[in-house]
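To start, the structure itself, in structure tokens.
The values are calculated or read from the model by the stated rules, or taken from the named source; none is laboratory data. Everything numeric in this text was worked out from a predicted model, so none of it was measured. Cβ placement follows ideal geometry from the backbone for every residue including glycine, while neighbour counts extend to all protein chains displayed. Surface areas here come from the heavy atoms of the whole protein model, side chains and all, with no ligands, DNA or RNA. Shrake-Rupley method; radii C 1.70, N 1.55, O 1.52, S 1.80 Å.
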Number of protein chains: 2
Amino acid sequence: MSEPADESPPDPTLPPTESGLSPSIDLRSVFLGPKGENAAVFERLLLEAFRDHVFWRRNVHPEDGFRVQEVEKRSPSYQYSISVLEQTLLSLLGELKGGVPFFSPRYIGHMTSDLTMASLIGYFATMLYNPNNVAVEGSPVTTRLELEVAEDLGAMVGYPAADRWGHLTSGGTVANFEALWVARNVKYLPIAVRWAAEELQVGGLTATSAAGSKDLGTLSLWELLNLPPRESLDLLDRLLAATEDRQAAAEAVSRHSASGMGYQSFGYRLHQHFGDALPPAVVLVPSTAHYSFEKICRALGMGGNQLVHVPVDENFRMDPAALWRILQDLAQRQQPVVAVVSVLGTTEESAVDRVDRVEELRTRAGEELGLAWHHHVDAAWGGYALSVTRDAAGRRRGFQSTLADQAPEAWPSESVYRALVAVEQTDSVTIDPHKFGFIPYPAGAVCFRDRRSRELVSVEAPYVFHSGAPDSAHLGRFILEGSKPGAAAAAVWMAHQVLPLDARGYGRLIGASSRGALALHRRLAAGDFSPFHLSLLPPPDLNIVCFAVGHPSLGTLSETNQFVHRLYQALSLSTETTATHRVERPDYFVTKTVLRAEEYGGAAVPVAARLGFDEAAYREAGGVAVLRCTVMDPFLAASRDRVDYLEGFAATLRQVMVAALATG
Amino acid sequence: MSEPADESPPDPTLPPTESGLSPSIDLRSVFLGPKGENAAVFERLLLEAFRDHVFWRRNVHPEDGFRVQEVEKRSPSYQYSISVLEQTLLSLLGELKGGVPFFSPRYIGHMTSDLTMASLIGYFATMLYNPNNVAVEGSPVTTRLELEVAEDLGAMVGYPAADRWGHLTSGGTVANFEALWVARNVKYLPIAVRWAAEELQVGGLTATSAAGSKDLGTLSLWELLNLPPRESLDLLDRLLAATEDRQAAAEAVSRHSASGMGYQSFGYRLHQHFGDALPPAVVLVPSTAHYSFEKICRALGMGGNQLVHVPVDENFRMDPAALWRILQDLAQRQQPVVAVVSVLGTTEESAVDRVDRVEELRTRAGEELGLAWHHHVDAAWGGYALSVTRDAAGRRRGFQSTLADQAPEAWPSESVYRALVAVEQTDSVTIDPHKFGFIPYPAGAVCFRDRRSRELVSVEAPYVFHSGAPDSAHLGRFILEGSKPGAAAAAVWMAHQVLPLDARGYGRLIGASSRGALALHRRLAAGDFSPFHLSLLPPPDLNIVCFAVGHPSLGTLSETNQFVHRLYQALSLSTETTATHRVERPDYFVTKTVLRAEEYGGAAVPVAARLGFDEAAYREAGGVAVLRCTVMDPFLAASRDRVDYLEGFAATLRQVMVAALATG
């Protein structure tokens, strides 16, 4: 096992090393620690931030008087009021102890763990100022920091520097929502441009797809709905350039757009104009995609029924062959595709879809099927893993050197590496700092390849700039949310300053977590738990280990699934426990999921098979239940202290299995 | 001027007063204070919260070892890393000083101010635990707190206790989004129920509107789209009760719903089934409504063009007569109304729409026009003002006793009072704790009258409960957002504990702020600024004072508007200043808005007229620019210290006007 924290960086008082790189951050310094090992530093910096803020207040108009006189603090009413505050805080602190110890190496449940001290202190320091990033007027500093961290993420992904744009959101759902909102509006844009061009009597616009260039007015509806996203945005630019009054032209496009008209009027007009509105446009996601995509498709008016699930393979990655068959069917039916979503780090398995393969299919589909779509990557979970592919100068690292960092573990696999580096070819990506960025909630993010696309969701007339103010002056006009905490931007900024988004920064943290997951997988695979039998999913792409558990006395898969549920109950805080305020914590925490036959299809058949149940039994039971362990802790496999948590977990698991069988 | 902080509550060591009420909180104890007057208390409680958390960590498995050994902290790598963290924090602290001093009595710009210490400390204490309120599994404590504070808000509003439901959001935009999302889905629900009943061969369902009861199968499309929201939800219940398999029936309804089918297929089927899909459904908002409603209508697929702006009167409240005329027109065209939105505290003027009048029109429209709709109140800004209408036992207080609290100021006006108490008749309301709740971002909230409506946005089959878990176990399934900070719930909870949502708690704070705004209005109205001339908007419903400024040398309204813009620049942090990192703060901070003729119509004509410009000039200039002052500070008018901020602002305003005229 390699030791992530034992690298000795050069003495910082010495000149930089020959490579010109600064020394790496000691991972021991990054978190508060399960024992509060870094509490003294944290407390010092916390007080520094607080006092610094107080002294700032006193230095803004020092001539002003005092709102609360010292003598008034002795009054019964003041004393009473402070007592209420203190007592309330003590109540809260008591309540909070009923929470989940995410900080502990023993917590291997969800994607929650100890957080970077940098982000916690940065959040608190900024919260005292309470900037609102809806508009720069109320957040002259933190709006800049937000755009800076979004730029960090876009650069890590590799979108073209001149075109990319991104911002923070409250979380991954809103980020994915925005991406599909943009995708929907870009999909229907060519129609709006055509109608606007007709209204403005602008002729001679051509549109280029894989099939060649044509006059815009001669394209069929199907062709209009299959222009590549970039071409659609170029087309808008060409229309605006061909008119004298750009603003009037932009307003005409907005008026003729699906967003402006609404689906009902837009559909009616499509029918009138083209004779046939074609079947409703679909969104393709792997069957492992987060449930919120259905929520999003319903909210956006596209319809939950238009969400098409693409089967996954036995590594729980979207199956490119299945995707191709679906695309062929859709093309044959002339059913448009708004977006294909690849998932980079599935919620249940941390599987990484082959983004590179999907991009290959995108090219091929354009050429062979005349299909075009927006390619969105839901990397809410895994986005920060892209850091392993960047060197300190921001250059892309090759597979071998990326792999060499994690030796002797073979991580990332070449498939994962290829998927990571292919994200730069896509149109948008969701990356949540509050997941693999080790940053407190709320901090999601969305990045777009082409900043022009945000004009399509802006409520202002597109391309109209305001009295010379920079276009970032009013973020709320380009995004779904309005008011939002500048403190979140500062938290992410602090973390990115301390841990850069490259192999020497976040890459080391995420590599160590993923190596820990592989070590856990190996430990469980090698363990003799007889008479119990573990059926593990394949080694994870990132940091989640899932396994089902069987026993000879459990004759059906349903019984086996119920047994797994009992194991989960023994290895989590139950809601019943917390309702009575009596906290009985298990020694280790895991979560549970069910690989449902309806969604997973054949992908989970081998998991059931290794338990001795055939596909029929799997389908009859509705799926197979698995325990799910997320390894965030970069030290899990390193045995830095007196407890070997891998062995400890294996021992606890055995105890819990024995107990659960007895009480079943 | 009454003195909000001089009430002396009884000695808390004595038994409660005869009325059984606890003493009131001393408002001097609520905030950190412009000089950090309460810094010592804040720091003590901050440290208490931090250390309490650290000791909690040490008490979870004390037998575990240490991740960071003391001796390792002496290593160069650790020392280097902590130096980076500290240096980065110092950089951030330096940057933050370029921010806006919201805490100062001199800041009367946006709805931002000093925050309650209770919420700041509660946020920080909880952030260390980092609970995620997406599901109770990761937030056993804070999900409970979230539902508790939503219940506080619902009780303050007065929705029926047995039916109401609410939750926190990242902000007002998402809250309004959810309300209209629900409204849209409830609007189309009767059609889905009818199609599901046909599929399931369930007959005999009747639907009741103002026109009487009819068999569901005989209703016209127009009638189906004009059932009252409650009746639509009852209808669903009746269908489910009439079937043996509730889950299958719920799934059938979902399959036939507009959300499930998507607008395109749904519209096509409406056309096939009813011969005519009717004109697209609209959303009515006052012309003062927040710009995000357009964003929301576009995103939801209803279309920005379907957002209908209702003119406002000279108090900037939605004009009931104009609303009625629009409703008559819509009824005549058979154009359905998804929702009417009343605004309780407009962003620009803090105007309070006559919610009571809109409710009267709702009844009348049902009876006379056969129209029904969802009534949503956007009280993002003003929601906490409802606290003045509640006594400590939660009972509704009469107008006279509500008024008596604020004597000698005549606040609230009877119109405002009637609007506040009428919110209980509506279907949903947005209330942002991070606005008039004095709580840090992010904390929005939405409350619904009828908890059943959330099933219509749930991605699970409706009415299916999971293995006995309470329905609150997985909030993320019922709302737009997924992961969200439990810390925000704790912050709101702390504040509500210290300041209850009644006249003795938040009511006193909000009353004092509003009285301050009235005092500012009076001071500006009475002031002699000649040769400058102030044209004030009417006394505010809540806490915003707006005024235009004229001068004899400014011959056109456009010139006058430009002059007001220069005043604004002199009374705010300009983005140019902050870009160069050189902070030159004005002595007072205000904001600016333009009452645009396109939106405000005749409502702003008197403002221009008082400057000497007629309606033609107003329309030619495109509107009238005003300075906008938001009073959050409960002490503004109380002259508690050596500075009289009202006089100070008047003096600064004069200086700035003279200087701006000279440089214009």
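Restricting the search to region B:537-554, which residues are small (Gly, Ala, Ser) and open to solvent by less than 60 Å² (accessible area, probe 1.4 Å)?
Of everything in region B:537-554, those that are small (Gly, Ala, Ser) and open to solvent by less than 60 Å² (accessible area, probe 1.4 Å) turn out to be B:Ala548, B:Gly550.
Per-residue answers, yes or no, for (1) of a type in the set (A, V, I, L, M); (2) open to solvent by 20 Å² or more (accessible area, probe 1.4 Å); (3) more than 7 Å from chain B (Cβ to nearest Cβ):
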residue	(1), (2), (3)
A:Gly65	no, no, no
A:Glu86	no, yes, no
A:Leu89	yes, no, no
A:Gly109	no, no, yes
A:Met117	yes, no, no
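Are any of the residues in region A:165-177 buried (at least 24 other Cβ atoms within 10 Å of the Cβ), farther than 23 Å from B:Pro442 by Cα and away from every other protein chain (no Cβ under 14 Å)?
The answer is no; no qualifying residue exists.
Please work out if B:Trp195 is within 30 Å of A:Leu573 (Cβ to Cβ) and of a type in the set (Phe, Trp, Tyr). Break it down into steps so the answer makes sense when it comes.
Values: within 30 Å of A:Leu573 (Cβ to Cβ): no; of a type in the set (Phe, Trp, Tyr): yes.
Answer is no for this residue.
Within region B:81-103, which residues are outside any loop (DSSP other than H, G, I, E, B), more than 15 Å from A:Met117 (Cα to Cα) and not polar (S, T, N, Q)? Full working, then the answer.
To start, the set of residues in region B:81-103 that are outside any loop (DSSP other than H, G, I, E, B) comprises B:81-96.
Now restrict to residues that are more than 15 Å from A:Met117 (Cα to Cα): B:91, B:93-96.
Passing the criteria: B:Leu93, B:Gly94, B:Glu95, B:Leu96.
List the number of the failed condition for A:Glu251; all other conditions in (1) assigned to a helix (DSSP H, G or I); (2) open to solvent by less than 20 Å² (accessible area, probe 1.4 Å); (3) not aliphatic (A, V, I, L, M) hold.
Every listed condition holds for A:Glu251 apart from (2).
Just wondering, is there one or more residues in region B:83-97 that are touching a residue at least 24 places away in the same chain (Cβ under 8 Å) and small (Gly, Ala, Ser)?
No: zero hits.
Checking the condition surrounded by fewer than 24 Cβ atoms within 10 Å (Cβ to Cβ), in a strand (DSSP E or B) and in the same structural domain as B:Val626 (by TED's automatic domain parsing), which residue from B:Leu518, B:Leu534 passes?
That would be B:Leu534, the only listed residue that is surrounded by fewer than 24 Cβ atoms within 10 Å (Cβ to Cβ), in a strand (DSSP E or B) and in the same structural domain as B:Val626 (by TED's automatic domain parsing).
Restricting to region B:293-343, count the residues that are under 29 Å from B:Arg418 (Cβ atoms), not in a helix (DSSP H, G or I) and not hydrophobic (A, V, I, L, M, F, W, C).
Total meeting the criteria: 9.
Output the residues belonging to region A:34-83 that are over 30 Å from A:Phe103 (Cβ atoms) and of a type in the set (Gly, Ala, Ser).
Hits for region A:34-83 are A:Gly65, A:Ser75, A:Ser77, A:Ser81, A:Ser83.
Can you tell me which residues in region A:96-107 are within 7 Å of chain B (Cβ to nearest Cβ) and of a type in the set (Ser, Thr, Tyr)?
Looking only at region A:96-107, we keep the residues that are within 7 Å of chain B (Cβ to nearest Cβ), and these are A:96-104, A:106.
Scanning region A:96-107 gives a single hit, A:Ser104.
I want to confirm something. Restricting to region B:119-141 and keeping residues that are within 22 Å of the chain's Cα centre (by Cα) and more than 7 Å from chain A (Cβ to nearest Cβ), which single residue is modelled with the highest pLDDT?
Of everything passing the filter in region B:119-141, B:Ser119 is modelled with the highest pLDDT.
The rows are residues; the columns are (1) in a loop (DSSP other than H, G, I, E, B); (2) over 21 Å from A:Val429 (Cα atoms); (3) in contact (Cβ under 8 Å) with a residue 40 or more places away in the chain; (4) within 14 Å of chain B (Cβ to nearest Cβ).
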site: A:Thr143; (1), (2), (3), (4): no, no, yes, yes
site: A:Glu146; (1), (2), (3), (4): no, no, yes, yes
site: A:Asp163; (1), (2), (3), (4): yes, no, yes, no
site: A:Ala183; (1), (2), (3), (4): no, no, yes, yes
site: A:Ile191; (1), (2), (3), (4): no, yes, yes, yes
site: A:Lys214; (1), (2), (3), (4): no, yes, no, no
site: A:Leu233; (1), (2), (3), (4): no, no, yes, no
site: A:Leu236; (1), (2), (3), (4): no, yes, yes, no
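What are the residues in region B:313-340 that are of a type outside the set (D, E, K, R), open to solvent by 10 Å² or more (accessible area, probe 1.4 Å) and touching a residue at least 24 places away in the same chain (Cβ under 8 Å), if any?
Those that are of a type outside the set (D, E, K, R), open to solvent by 10 Å² or more (accessible area, probe 1.4 Å) and touching a residue at least 24 places away in the same chain (Cβ under 8 Å): B:Asn315, B:Pro320, B:Trp324, B:Ile326, B:Gln328, B:Ala331, B:Gln334, B:Gln335.
Identify the single condition in (1) open to solvent by 20 Å² or more (accessible area, probe 1.4 Å); (2) at pLDDT below 95 that A:Leu573 does not satisfy, given that it satisfies every other one.
Every condition holds for A:Leu573 apart from (1).
Taking into account only those residues within region A:24-37 that are within 7 Å of another protein chain (Cβ to nearest Cβ) and touching a Phe, Trp or Tyr at 6+ places or on another chain (Cβ under 7 Å), which is surrounded by the fewest Cβ atoms within 10 Å (Cβ to Cβ)?
Of everything passing the filter in region A:24-37, A:Lys35 is surrounded by the fewest Cβ atoms within 10 Å (Cβ to Cβ).
Among the candidates B:Glu178, B:Glu151, B:Glu146, B:Glu86, single out the residue that is among the charged types (D, E, K, R) and over 27 Å from the mean Cα position of the chain (by Cα).
B:Glu86 is the lone residue from the list that is among the charged types (D, E, K, R) and over 27 Å from the mean Cα position of the chain (by Cα).
Which helices (runs of 4 or more DSSP H) does region B:581-664 wholly contain that include 3 or more residues that are open to solvent by less than 10 Å² (accessible area, probe 1.4 Å)? Break it down into steps so the answer makes sense when it comes.
Values: elements: B:597-600, B:605-610, B:615-621, B:645-663.
Qualifying helices (runs of 4 or more DSSP H): B:645-663.
Within the bounds of region B:38-56, is there any residue that is among the charged types (D, E, K, R), at pLDDT below 95 and outside the structural domain of B:Gly511 (by TED's automatic domain parsing)?
As a first pass, look at region B:38-56 and keep what is among the charged types (D, E, K, R): B:43-44, B:48, B:51-52.
Those left that are additionally at pLDDT below 95: none.
Within region B:38-56 (the criterion being among the charged types (D, E, K, R), at pLDDT below 95 and outside the structural domain of B:Gly511 (by TED's automatic domain parsing)), the answer is no, since none of the residues qualifies.
Considering only residues that are of a type in the set (Gly, Ala, Ser) and over 13 Å from B:Tyr129 (Cα atoms), look in region B:39-62 and name the one that is farthest from the other protein chains (Cβ to nearest Cβ).
My answer is B:Ala40.
State yes or no: is A:Ala495 touching a residue at least 12 places away in the same chain (Cβ under 8 Å), in contact with a strand residue (DSSP E or B) (Cβ under 6 Å, 6 or more places away or on another chain), under 23 Å from A:Thr116 (Cβ atoms) and not assigned by TED's automatic domain parsing to the domain that holds A:Asp644?
Yes.
Across region B:353-404, what is the total count of residues that are open to solvent by less than 40 Å² (accessible area, probe 1.4 Å), more than 21 Å from the chain's Cα centre (by Cα) and among the polar types (S, T, N, Q)?
Residues flagged as open to solvent by less than 40 Å² (accessible area, probe 1.4 Å), more than 21 Å from the chain's Cα centre (by Cα) and among the polar types (S, T, N, Q) within region B:353-404 amount to 1.
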